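Chemist: So that we are looking at the same thing, I have put the structure below in structure tokens.
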Amino acid sequence: MSGLNTSAKTIVVTGASAGMGRETAVRFSDEGWNVIGLDLRPSTSEAGNVLHAQVDVTDRAAVESALSDLAPRIGGSIHAVANVAGIYPTSTLDTFDETLYRRIFDVNVLGVLNVTAAASAYLADGSAVVNFASIDGLAVSKGQLLYCASKAAVIMLTRSLAFELAPRRIRVNAIAPGWIDTEEARQLGRMQKAIAHIPLGRAGQPSEIAEWVWILGGSDSSSYVTGTTLNISGGEVV
């Protein structure tokens, strides 16, 4: 795309500078959507229809300020939100402390609420929100005490928000990825061992996840789907 089109639809993507967030931004950009990318990291996109703001999703005032600045530049309406940003440091009953608890829940749970609440003023009727949960919100993962709990919270928030926003025909769904071949996941050093337990025998690709965000948030094929969480794990959790 050569530039912004104020008549095109717009998506807000958090965590848009890397991994699944970046692929989601690319997928929607390629479909002709404007993209507002929110991330603590600098933008890596060169597309002319992508606007970027370095924002901490745990700071609602900062998110609101960014959207109030950027939304008017793309026509004033937002048609989808993808809450991709998340962190996954390890934790157990012996190793967690309040600081770690606050950090994980602030990013993974409060961040979803902050961005959805800030975007709601701009969401057109019939829009969509796609939250990123995890298969760790569906099944226990060793050493991920707080992360599992935070993603389970995202799943329940998704159901609650779907109910709350249904009168505006705003659909709210979540996806629960398993092992996805991102740079961050590779740095954990556990991917090859994990793949041995995945029935399909491989990790997923960020582009595969982005495609499901498009299906749930951008296309018309999921217009009667809301309040659900889609397991995308290669059969690891069934």
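Chemist: Rounded, prolate or oblate: pick one for segment 92-238, where a ≥ b ≥ c are the square roots of the eigenvalues of its C-alpha gyration tensor, a/c under 1.5 means rounded, and failing that, prolate if a/b is larger than b/c, else oblate.
Modeler: Values: a/c = 2.22, a/b = 1.34, b/c = 1.66.
Taking the square roots of the gyration eigenvalues as a ≥ b ≥ c, segment 92-238 is oblate.
Chemist: Which FRET efficiency value, to the nearest 0.05, do you get for LEU188 and GLN54 by plugging their Cβ-Cβ distance into 1/(1 + (r/R0)^6) with R0 = 22 Å? Numbers along the way, then the final one.
Modeler: Values: r = 25 Å, r/R0 = 1.14.
With R0 = 22 Å, the Cβ-Cβ based efficiency is 0.30.
Chemist: Ranked highest first by the average count of other Cβ atoms within 10 Å around their residues, in what order do 56-63, 15-22 fall?
Modeler: Numbers: 56-63: 17.8, 15-22: 24.1.
So the order, starting with the most tightly packed, is 15-22, 56-63.
Chemist: Specify whether the C-alpha gyration tensor of segment 19-112 places it in the rounded, prolate or oblate class, a ≥ b ≥ c being the square roots of the eigenvalues: rounded for a/c under 1.5, otherwise prolate if a/b is larger than b/c and oblate if not. Write out the running numbers ahead of the final one.
Modeler: Working: a/c = 2.86, a/b = 1.91, b/c = 1.49.
Cα axes put segment 19-112 in the prolate bin.
Chemist: For the chain, with a Gaussian network of springs between Cα atoms less than 10 Å apart, report the residue from LEU157, LEU188, LEU145 with the top mean-square fluctuation.
Modeler: LEU188
Chemist: Tell me which trypsin sites (Lys or Arg not before Pro) from segment 176-238 have a DSSP coil assignment and no more than 16 other beta carbons within 10 Å of their own.
Modeler: Numbers: sites: ARG186, ARG190, LYS193, ARG202; in loops: ARG190, ARG202.
For trypsin sites (Lys or Arg not before Pro) across segment 176-238 that sit outside H, G, I, E and B with at most 16 neighbouring Cβ atoms in 10 Å, the list reads ARG190, ARG202.
Chemist: Under a Cβ-only charge scheme (Lys and Arg +1, Asp and Glu -1), can you give me the dipole magnitude of the chain about the Cα centre, in debye to the nearest 20? Before the final figure, lay out each step's value.
Modeler: On the way: 18 positive and 23 negative charges, 63 e Å.
The dipole magnitude comes to about 300 debye.
Chemist: Now, a different point. Restricting to Cα pairs below 8 Å that are 6+ residues apart, what does the relative contact order work out to for segment 124-238? Please round to a whole percent. Provide the component values of the computation, followed by the final result.
Modeler: On the way: 193 pairs, mean separation 39.9, N = 115.
Here the relative contact order equals 35 percent.
Chemist: Here's a follow-up. Using the alpha-carbon centroid of each, what span in Å lies between segment 1-78 and segment 195-227?
Modeler: Result: 21 Å between the Cα centres.
Chemist: Could I ask something else about it? For segment 133-211, what is the convex hull volume of its Cα atoms per residue in Å³? Mind dumping the intermediate values first?
Modeler: On the way: hull volume 8.7 nm³, N = 79.
Per residue, the Cα convex hull of segment 133-211 comes to 110 Å³.
Chemist: Then there is this: Ignoring everything except DSSP H segments at least 4 long, calculate the 222 nm mean residue ellipticity for the chain; use -39,500 (n - 2.57) per segment, divide by total residues, nearest 500.
Modeler: On the way: 8 runs with 84 residues, N = 238.
One gets -10500 deg cm²/dmol as the mean residue ellipticity at 222 nm.
Chemist: Here is a follow-up. Would you grab the residues whose amide H sits under 5 Å from the one on ASN131? Only those 5+ places off in sequence or on another chain, please, with H modelled 1.01 Å from N.
Modeler: Amide H neighbours of ASN131: ASN83, ASN173, ALA174, ILE175.
Chemist: Cα to Cα, under 28 Å, and not fewer than 8 places away if on the same chain: which lysines meet these conditions relative to LYS142?
Modeler: Cα-Cα hits under 28 Å: LYS151, LYS193.
Bear in mind these aren't lab numbers, they're just calculated from the coordinates by the rules spelled out. Bear in mind the structure is a predicted one, so any value in this text is a computation, not a measurement. Cβ sites come from the backbone with ideal geometry, for glycine too, and all protein chains shown count toward neighbours.
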